[in-house]
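The values are calculated or read from the model by the stated rules, or taken from the named source; none is laboratory data. Given the structure is predicted, the values throughout are model-derived calculations rather than measurements. With ideal geometry, Cβ positions are generated from the backbone for all residues, glycine too; neighbour counts draw on all protein chains shown.
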Amino acid sequence: MAEIFQQLINALLLGCTYTLIAIGFNLFFGALNVVHFSHGDVCILGAFMTLILYGLAKLLGLVTFLPGYVFVPLLILMAMVLTGLIGTFFERVVIRPFRYAPLLMVLVATVALGMVVRETVRLSFPHGSNPQIFPRILPQTSFQWEGVLIRLDSLIIFGTTIFLISMMFLFIKRTRIGAAIRAVSQDTEAAAMMGINIDRTVAVTFLIGSVLGAIAGILIGAYNNIIRFDMGLMGGVKGFSAAVVGGLGNVYGAIIGGLILGLVETFAAAFIPGGTPYTDVFAFLVVIFFLIFKPSGILGEKVYEKV
Amino acid sequence: MLPRTIGRAVILLAVEAFFFILFAAFMKTDETGKVIAFLLFFIGLGVMFKKWEKARLTLTGLFKELKIVAGAGFVAMLLTLPFIFQASPYLIHICVMAGLFAILALGLNFQLGSTNVVNFATAASYGIGAYASALLAVHFHISFWLGLLVGGSLASIFGLLLGIPCMKTKDYYLSLVTIAFGLIVYILLNNFSWTGGPNGIPNIPPPSLFGHSFKEPLSLFGYQLPFQSNYYYLIFLLVGGSLFVAHRLHHSRVGLTWNAIREDEIAARCHGIDVTWYKILAFCIDAFFGGVAGTVYSHYIGFISPENFAFIVSVVVVTMVILGGMDNVFGVIIGAILLTILPEKFRAFEDFRVLIYGLIVVTMLMFRPQGLFPQKMRIYKK
Amino acid sequence: MKFLYRKMVLVLFLAVSILLITSSGWAQSKVVKIGFIGPLTGPNAAQGVGARNAFDLAIREANASGKYPYKVEMVALDDASDPATGVAAALKLVSDPAVVAASGHWNSPVALATIHIFHTYKIPFIVWGAIHPDITGFYKYPGVNRVAPTLIQENGPLCDWVIGELGYKNFSIISDTSSYGEMNLKAFRPMAEGKGAKIISVDSVTVGTTDFRPILTKVKGLNPDAVYFGGVVMEGALIRDQMEKVGLKKLFFAISGIKDDKFLEVAGPSGEGVVTIKPGRPIDKLEGGTKFVKAYEGAGYREPFGAYGPNAYDSAGIILEGVSKAGPDDKGAIAKYIRGIKYKGLMGETSFDATGQTTNLIVSRFVGQGGKWITWEESDYAKGVRKLPQ
């Protein structure tokens, strides 16, 4: 029994990272009807940005000035903001020009953009093809509870995810910009006629999505103490899959989709004999199953095509 | 009239031969500096050709008037290539690889170019073809020629399977399915024990024709050509065949239907086009081409492992199609040739290869989405 | 005027093209070249670049010694750990008539794809890093030799040590799905069982996975004495670290794939008490080791020579001796000479058996202690000051 609980915790934490990435996909799809295929890479960029800033701070000798509990959060905050701005910049440069072009263009362009981001990260680190060590920023202590090992860093990751998701919901429900985002995602043209600045709203959406993604990347790095340039490819595909399973465009769907994928992968690895190398296969089969039998996902509405 | 035509034909062939020698010289260059000099020269040539209208019109007029002579001359020159590269199996190898990728790119073009269906699973059909024929050859001693058909057909069946989700989904969802499919095939090839797992399949027998094994050097007109020449001529035929099929398809109702789906899917559906069927058809044909290329590759190298069929291969083929010009069969082939030769010429910059692919795609889509060689409008004569 | 301008452009164009054509590789001059192929880019670049530098060092020393009547040149090509790229590189080497011999590859799949080319074109070839048994044992090409022990030759001593001397009996095996991991699994399992150990579980993990907690949680429930890992640095370090995190406090051991400083860096404090073996002796215990290190530093290479530097250095040495003894023109004679060589080099005396496999099979034992790999005999663990996890 304890083992199943332990595996549930593993699944939950994996699901948290997928959810945070998937929220980005849902936000973008809601706002622009666009899938930003390089979003996974932007997320992992968040972790690398932290490494870069850390390296810079060390170079400038700032580490010694500030105590760790001030310095680390500050660093992470800066990395988040920077990654958010980069995400917004990508929207401006690579996605906006294709707003009225065939869908294929933005699709291929964002896949290629992801490649550019990955390779740039790889080339800008010494031995960039190898994983980079991510500093152990979370406490490493743990305690036993009814035979289940609970680690403090897991609790922090879980808590952060819940906190961020609730903050985002509050932001979308309660603020003016949030209302604008909802309006744009429901009907872009009507929203424009109501005097909502579409470009600005879209930019804010990308900012929020990318910041959340950056946090996902940093949490992934802190969880495994390691970060590799090409994690964004799989991370993006999985995040997008989670969004699709939950219902693309529905922000709540991201949570359900992320958890489902986390559960499938963890339990496939743990309980199917010889299943460990096939975890990704199982995850993708679930996704393909959904695409064939319920393409709109669990919470998504059926979309009717209009002429 | 006749002497004039002969005169023009001679001029035409001279121009072709000149460019061919330039190309051969370029292939033989090895130093980065000289390669760059060549490239600058080619770009300058392109610009001059574009600016100098009279020359352009004369030349294109010449080519149009003597289409058969031009084509025959071109084919004849390509056939002499192994003689020119006789001392260097490496150069012939590059040509063979360029041909393989040309087939892959031609296949993908039916989807990405003609129908605007994004397929990131080219590597999967390439791999399925390669593994199918290799396994048959190694375990059951099935000949390469049969394996070519089986590999293509099996890949085609998987293409059909891959096409099924497109009954319900499209666009982003469909490309997610193709990415997932490509990754699944890679993972499975890597983990099944009967595919040799990560160790791959060694000792794949070379094809033989009329008792001549393709592993043996080719003796032609008293010349001893390296064994790669066998494959060069094979690939030459296959690319020619693919080109013919692609060209005919493009000008048939099927090609027209694909274009209709590309322009507006709903409108196409309203005109009674069975969109799903035509999309699945595109998947199948693409996969067949991929399977054929894979079969040739596996028998040519004699050893395959899953790394040959990773996601990056699909991205490379997508890049070739976009660079060459979507829906333009000749453009696509040039894209494939360019992106096979140039990385070999810039081996010193191997590290930047993938980055450059990414940049090529993004910039092409932004500034020249029609590719280097755009497809011309369809013109129908009365 | 315009007409004249056009004419000038045309003449210029023709002149440049003739210049380009004549300056291209239509003519070639004669030198003795020795090829080197390895992963110079990509995830294994550290191994490949270090080996290339050591290889280059050997050739530079040969040229400086003045014993060779011709100039020897190294042609270093990248295989990027990719079989297709490796094949192109190998073909490039055999296409160059000046190349008399070559050495290559850290990745077994690449080596398995290219040795046929070297065999077909009769170029003597020495594998410096790839350790798949088939490269020599299965094909037995007369011109292909290997200076690195196969992974079977590494797993044997490890088994003897961990089962026979340290007394661990119940193992969980985790291997990666690369060729390396799979071959390790195939080699280790029967060997361990033959020595009376029990294999409780076998799991394979994909290279590039970062979260191993589900498997390790499962393994923890089975309660093995020790975890054998068949794979390389990164996955190994992550598994070691996450073993601590899920509370699986058991012995972790593997063959030389994990013996890298990076492993201890990533594993952090959990790297303590990890045991492994490595072919050859540590560089400071080799005859001529200090001389090699000094020469390497003196030559001004930016990257460290890494774990396979000595292998590449000796490969170059063996090829050079073969070329000087058999002459640079007869490749068959070079291959014959190399097969029969008794070479006293950096790694000790190297000779090859009938399959081309090195007979130099010394291995050293290591244990992670205080963030460093310490030879077992000198460690606190052997002295009983620290204890391996039981």
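Kindly list, by first and then second residue, each pair from a residue in the stretch B:172-184 that is under 16 Å from residue A:110 (Cα atoms) and more than 7 Å from chain A (Cβ to nearest Cβ) to a residue that is of a type in the set (Gly, Ala, Ser) and crowded, with 23+ Cβ neighbours inside 10 Å, limited to pairs with Cβ atoms under 6 Å and residues at least 6 apart or on different chains.
B:178/B:121
In the stretch C:102-117, what residues are more than 13 Å from the chain's Cα centre (by Cα) and closer than 28 Å to residue C:177 by Cβ?
Matches in the stretch C:102-117: C:112, C:113, C:114, C:115, C:116, C:117.
So, residue C:293, is that one β-branched (Val, Ile, Thr), buried (at least 22 other Cβ atoms within 10 Å of the Cβ), modelled with pLDDT under 90 and assigned to a helix (DSSP H, G or I) or not?
In short, no.
For the stretch C:128-142, name all the residues that are more than 9 Å from chain B (Cβ to nearest Cβ), in a loop (DSSP other than H, G, I, E, B) and either at positive phi or among the hydrophobic types (A, V, I, L, M, F, W, C) (or both).
C:128, C:130, C:131, C:140 - these are the residues of the stretch C:128-142 that are more than 9 Å from chain B (Cβ to nearest Cβ), in a loop (DSSP other than H, G, I, E, B) and either at positive phi or among the hydrophobic types (A, V, I, L, M, F, W, C) (or both).
Could you say whether any residue in the stretch C:230-246 is in contact (Cβ under 8 Å) with a residue 12 or more places away in the chain, surrounded by fewer than 24 Cβ atoms within 10 Å (Cβ to Cβ) and more than 26 Å from residue A:222 (Cβ to Cβ)?
no
Go through the residues of the stretch C:323-340 one by one and say whether even a single one is at pLDDT below 85, loosely packed, with under 14 Cβ neighbours inside 10 Å, assigned by TED's automatic domain parsing to the domain that holds residue C:101 and closer than 12 Å to residue C:147 by Cα.
no
Can you pull out every residue in the stretch A:111-144 that is at pLDDT below 90, assigned to a helix (DSSP H, G or I) and polar (S, T, N, Q)?
If the condition is that a residue be at pLDDT below 90, assigned to a helix (DSSP H, G or I) and polar (S, T, N, Q), then A:124 is the only one that fits.
Where in the stretch B:1-120 are the helices (runs of 4 or more DSSP H), entirely inside, with at least 3 residues that are more than 13 Å from chain C (Cβ to nearest Cβ) and in contact (Cβ under 8 Å) with a residue 40 or more places away in the chain?
In the stretch B:1-120, the matching helices (runs of 4 or more DSSP H) lie at B:2-28, B:53-65, B:67-84, B:89-108.
Within the stretch C:67-116, how many residues turn out to be surrounded by fewer than 23 Cβ atoms within 10 Å (Cβ to Cβ), hydroxyl-bearing (Ser, Thr, Tyr), facing chain B (nearest Cβ under 10 Å) and in contact (Cβ under 8 Å) with a residue 24 or more places away in the chain?
Summing the residues that are surrounded by fewer than 23 Cβ atoms within 10 Å (Cβ to Cβ), hydroxyl-bearing (Ser, Thr, Tyr), facing chain B (nearest Cβ under 10 Å) and in contact (Cβ under 8 Å) with a residue 24 or more places away in the chain in the stretch C:67-116 gives 0.
Looking at the structure I just gave you, is residue A:94 part of a loop (DSSP other than H, G, I, E, B) and either at positive phi or facing another protein chain (nearest Cβ under 9 Å) (or both)?
Working: part of a loop (DSSP other than H, G, I, E, B): no; either at positive phi or facing another protein chain (nearest Cβ under 9 Å) (or both): yes.
It is false that residue A:94 is part of a loop (DSSP other than H, G, I, E, B) and either at positive phi or facing another protein chain (nearest Cβ under 9 Å) (or both).
When you check residue C:176 against the structure, is it of a type in the set (Asp, Glu), assigned by TED's automatic domain parsing to the domain that holds residue C:199 and touching a helix residue (DSSP H, G or I) at 6+ places or on another chain (Cβ under 9 Å), yes or no?
Yes.
Just need a number here: residues in the stretch B:198-214 that are surrounded by 15 or more Cβ atoms within 10 Å (Cβ to Cβ) and closer than 29 Å to residue C:177 by Cβ.
7
Of all residues in the stretch B:350-369 being within 11 Å of another protein chain (Cβ to nearest Cβ) and either over 24 Å from residue A:106 (Cβ atoms) or not hydrophobic (A, V, I, L, M, F, W, C) (or both), which is nearest to the chain's Cα centre (by Cα)? Let's see the steps before the verdict.
In the first step, residues of the stretch B:350-369 are kept if they are within 11 Å of another protein chain (Cβ to nearest Cβ); the result is B:350-367, B:369.
Filter again for either over 24 Å from residue A:106 (Cβ atoms) or not hydrophobic (A, V, I, L, M, F, W, C) (or both), leaving B:350-353, B:357-358, B:363, B:369.
Details: B:350: 21, B:351: 24, B:352: 23, B:353: 19, B:357: 16, B:358: 19, B:363: 22, B:369: 19 Å.
This residue is B:357.
Give just the number: which of (1) in the same structural domain as residue C:174 (by TED's automatic domain parsing); (2) part of a strand (DSSP E or B) does residue C:262 not satisfy?
Every condition holds for residue C:262 apart from (2).
Any idea which residue in the stretch B:316-347 is surrounded by the fewest Cβ atoms within 10 Å (Cβ to Cβ), counting only those that are more than 12 Å from the chain's Cα centre (by Cα) and within 14 Å of chain C (Cβ to nearest Cβ)?
The qualifying residue surrounded by the fewest Cβ atoms within 10 Å (Cβ to Cβ) is B:342.
Of the numbered conditions (1) more than 14 Å from every other protein chain (Cβ to nearest Cβ); (2) touching a residue at least 40 places away in the same chain (Cβ under 8 Å), residue C:125 fails exactly one; give the number of that condition.
Among (1) more than 14 Å from every other protein chain (Cβ to nearest Cβ); (2) touching a residue at least 40 places away in the same chain (Cβ under 8 Å), the lone unmet condition for residue C:125 is (2).
When you go through (1) crowded, with 22+ Cβ neighbours inside 10 Å; (2) among the small types (Gly, Ala, Ser); (3) within 23 Å of residue B:165 (Cβ to Cβ) one by one for residue B:260, which number turns out not to apply?
(1) is the only condition that residue B:260 fails.
Pick from the stretch A:251-269 the residues that are farther than 15 Å from residue A:162 by Cβ and away from chain C (no Cβ under 14 Å): which of them is surrounded by the fewest Cβ atoms within 10 Å (Cβ to Cβ)?
Taking the stretch A:251-269 as the starting set, the residues that turn out to be farther than 15 Å from residue A:162 by Cβ are A:253, A:257, A:260-261, A:263-269.
Remaining after also requiring away from chain C (no Cβ under 14 Å): A:253, A:257, A:260.
Values: A:253: 26, A:257: 34, A:260: 22.
Top of the filtered list is A:260.
Looking only at residues that are modelled with pLDDT under 75 and more than 10 Å from chain B (Cβ to nearest Cβ) in the stretch C:28-54, which one is surrounded by the fewest Cβ atoms within 10 Å (Cβ to Cβ)? Please lay out each step first, then the result.
Filtering the stretch C:28-54 down to residues modelled with pLDDT under 75 leaves C:28-30.
If we keep only those that are more than 10 Å from chain B (Cβ to nearest Cβ) too, we end up with C:29-30.
Details: C:29: 5, C:30: 9.
If we take residues in the stretch C:28-54 being modelled with pLDDT under 75 and more than 10 Å from chain B (Cβ to nearest Cβ), then C:29 is surrounded by the fewest Cβ atoms within 10 Å (Cβ to Cβ).
What is the number of the single condition among (1) out of contact with any His (no Cβ under 9 Å at 6 or more places or on another chain); (2) under 30 Å from residue B:380 (Cβ atoms) that residue B:260 does not meet?
(1)
Given the criteria assigned by TED's automatic domain parsing to the domain that holds residue C:290, surrounded by fewer than 23 Cβ atoms within 10 Å (Cβ to Cβ) and hydrophobic (A, V, I, L, M, F, W, C), does residue C:312 qualify?
On the way: assigned by TED's automatic domain parsing to the domain that holds residue C:290: yes; surrounded by fewer than 23 Cβ atoms within 10 Å (Cβ to Cβ): no; hydrophobic (A, V, I, L, M, F, W, C): yes.
So residue C:312 does not fit the description; no.
Search the stretch B:303-315 for residues being surrounded by 24 or more Cβ atoms within 10 Å (Cβ to Cβ) and among the small types (Gly, Ala, Ser), and hand back the single one that is nearest to the other protein chains (Cβ to nearest Cβ).
If we take residues in the stretch B:303-315 being surrounded by 24 or more Cβ atoms within 10 Å (Cβ to Cβ) and among the small types (Gly, Ala, Ser), then B:305 is nearest to the other protein chains (Cβ to nearest Cβ).
Just to check your reading of the model, which residue among A:199, A:230 is at pLDDT below 90, away from chain C (no Cβ under 14 Å) and more than 12 Å from the chain's Cα centre (by Cα)?
A:199
Which count do you get for residues in the stretch A:145-159 that are more than 15 Å from residue A:224 (Cα to Cα) and either in a helix (DSSP H, G or I) or touching a Pro at 6+ places or on another chain (Cβ under 9 Å) (or both)?
Total satisfying the criteria: 1.
Can you go through C:155, C:145, C:170 and tell me which one is surrounded by fewer than 18 Cβ atoms within 10 Å (Cβ to Cβ), at pLDDT 85 or above and among the polar types (S, T, N, Q)?
Just one listed residue meets the conditions, C:170.
Does residue B:179 satisfy the condition of being assigned to a helix (DSSP H, G or I), out of contact with any Lys or Arg (no Cβ under 7 Å at 6 or more places or on another chain) and buried (at least 20 other Cβ atoms within 10 Å of the Cβ)?
Yes: the conditions hold for residue B:179.
If we only count helices (runs of 4 or more DSSP H) wholly inside the stretch C:163-256, which ones have 3 or more residues that are among the small types (Gly, Ala, Ser)?
Result: C:179-194.
For the stretch B:215-228, state whether one or more residues are more than 19 Å from the chain's Cα centre (by Cα) and crowded, with 20+ Cβ neighbours inside 10 Å.
Within the stretch B:215-228, one or more residues are more than 19 Å from the chain's Cα centre (by Cα) and crowded, with 20+ Cβ neighbours inside 10 Å.
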